[in-house]
Amino acid sequence: MSVKILVVDDDTSFCLMLKTFLQKRGYDVITAFNGNDALQELNKQFFDIVLTDIRLPDSDGLEILKSITQKGLKTQVILMTGYTDIKTAVNAMKIGAFDYVGKPINPDEILHTIQQALIKKETKNSNTVTEPKKTVSGFVKGISGDSAKLYDHINLVAPTNMSVLIIGDSGTGKEYIAQSIHMQSKRASKPFVAVDCGAIPKELASSEFFGHIKGSFTGAVTDKTGHFEAANGGTLFLDEVGNLSYDVQVQLLRALQERKIKPVGSNTEQQVDIRVVAATNEDLADAVKRGDFREDLYHRLNEFCIHVPKLSERKEDVMMFANHFLAQANEELEKDVERFDQNVIDLFLNYSWPGNLREMKNIIKRSVLLTRGNAISLEVLPPEMEQSANEEIQLSYSKESEEEAIRKALERTNYNKSKAAKLLDIDRKTLYNKLKLYNIDL
């Protein structure tokens, strides 16, 4: 049987053009020009893929996504979006969309995304794990040994119902990992609800987690659905869980143990079925020893632990991530920057990336915006990056590590001896002597 695709867009000519393009590739395509027509088509027949614009004249693509999710259909939803709706599309992926593609549509990208969505659909049907091309937050898989270990752990734990504790520095992609676990689990069609534990005031924590009923306290003017109920059937992601106050930890532990919640002001308990994935950038075991974090809650969250390496510990992955973020920035900013200058590549490989992937993504996006030619040069990078990389090399220049420092300086300067000597703050003759001492051949 051929794959059935529903294309939804109020731009009639674009919609028909995309239909013709996909039909020539063997797909069975139906079109709808607004949300109501799309919902009627979904009621009449099953579609493997729904390809919908986010903005529609009578509703939006999210309403179509919610309808598909509520009905429990195995349809994969791909959103089409302009730059201003990127954030909405990313949030939609948290509630079940497979992916999004930016407008103007790239034919090769849309075909590839459809193929990956079909792979994901077959994965759900067969209960086997097949790795998709692109993950829910648009990140890519690294090639280093640390990355291989990380993804082995994700693939191992994702199909289970075990609670997972993700430990890693800020910016290493902990929420992306949590989303990956959810998308590869049997709960993938259910909600993924992310909670920033550090942003919840202590006095509002009960309401945020468990909800409240109208009139239960001053300011409760309507009923509120809490995070536990919103995530029912799916995954609750507790980001920076170490920031929760001790009192809130007690409430959270009870809810996790009993799988029951009671909204503030209600006398009725509700049963909930959730999987918990938590993340932290601090040592929770040490917090337990200090008495700042409950030991029983720690063990409840830590049925399986995933350690996320820093970007500086994954040198083989640096340029893979950089090129991915370059392509992403080009799409979002509608530019066509092709590459990085060699000096930039050298800097990227020697920089410590204290902000990890988040820092890299922001720096590259800013650089793409500032670049007028086809290559990113040092001139458009923050000057403190080069200064920091140089200082790190100079700090490592000691008797214990001077060979390593010399090698780094040579790599950093593309093996220009004069520049390397200047970077190390030594004269050229001294550098030559050191090269002989350590048998460094150039």
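With every protein chain in place and a 1.4 angstrom probe, the accessible-area ranking of THR225, THR371, THR430, largest first, reads THR225, THR430, THR371. Computed packing ranks the peptides 52-58, 201-207 as 52-58, 201-207, most packed first, by mean other Cβ atoms within 10 Å. Simple spin-label estimate for THR225 and LYS335 gives 4.0 nm between the two label positions (7 Å along the Cα-to-Cβ direction from each Cα).
Treating each Cα of the stretch 286-424 as an identical point scatterer and summing with the Debye formula, the log10 of I(q)/I(0) at q = 0.09, 0.14, 0.17 Å⁻¹ comes to -0.39, -0.75, -0.92. Rolling a 1.4 Å probe over the heavy atoms of the protein chains gives the chain an accessible area of 48 Å² per residue.
Can you give the FRET efficiency to the nearest 0.05 for ILE119 and SER170, using r as the Cβ-Cβ distance and R₀ = 56 Å? Given R0 = 56 Å and the Cβ-Cβ separation, E is 0.95.
Sorted from longest to shortest, the spans of the Cα atoms of the stretch 192-274 along the three principal axes equal 31, 25, 21 Å. Cross-link reach is defined here as a Cα-Cα straight distance under 14 Å, omitting same-chain residues fewer than 8 places apart; for LYS419 the aspartates and glutamates meeting it are ASP346, GLU386, GLU411, ASP427.
Mean sequence separation of contacting Cα pairs (under 8 Å, at least six apart), scaled by the length of the chain, corresponds to a relative contact order of 11 percent. Packing here is the average count of other Cβ atoms within 10 Å per residue, and on that basis the peptides 259-270, 28-39, highest first, run 28-39, 259-270.
Extending 7 Å from Cα along the Cβ direction at GLU303 and again at ASP37 yields two label points whose distance is 4.7 nm.
Highest mobility in the GNM of the chain, judged by mean-square fluctuation with C-alpha springs under 10 Å and restricted to HIS307, HIS227, HIS299, is found for HIS299. Cross-link check: pairs LYS310/LYS408; LYS24/LYS66; LYS44/LYS71; LYS315/LYS361; LYS315/LYS436; LYS408/LYS434 evaluated at a Cα-Cα cut-off of 23 Å; pairs beyond the cut-off: LYS24/LYS66; LYS315/LYS436. Considering only protein heavy atoms and a 1.4 Å probe, what is the carbon-and-sulfur percentage of the accessible area of the chain? Carbon-and-sulfur percentage of accessible area, whole number: 48. Taking a straight Cα-Cα cut-off under 17 Å and skipping sequence neighbours fewer than 8 places away in the same chain, the aspartates and glutamates within cross-link reach of LYS260 are GLU208, GLU229, GLU269, ASP273. Computed with a 1.4 Å probe on the full set of protein chains, the accessible area for GLU109 sits at about 40 Å². Measuring r between the beta carbons of PHE14 and GLN342 and using R0 = 35 Å, the FRET efficiency lands at 0.30.
Once you place label points 7 Å from the Cα toward the Cβ at LYS24 and LYS260, how far apart are they in nm? Result: 6.2 nm between the two label points. Ordering SER206, LEU39, LEU437 by the projection of their Cα atoms onto the charge dipole of the chain, which places +1 on the Cβ of Lys and Arg and -1 on the Cβ of Asp and Glu, puts LEU39 at the extreme positive end.
Hull volume per residue, based on the alpha-carbon atoms of the stretch 257-314 and their convex hull, is 135 Å³. With R₀ fixed at 35 Å, the C-beta to C-beta distance from LYS66 to ASP286 puts the FRET efficiency at about 0.25.
The values are calculated or read from the model by the stated rules, or taken from the named source; none is laboratory data. What you see is a predicted model, and the numbers here were worked out from it, not measured in a lab. When we count neighbours, we look across all protein chains shown, and the Cβ atoms used for this are built from the backbone with ideal geometry, even at glycine. When the accessible area is computed, the model is the full protein with side chains, heavy atoms only, and any ligands, DNA or RNA have been set aside. Shrake-Rupley method; radii C 1.70, N 1.55, O 1.52, S 1.80 Å.
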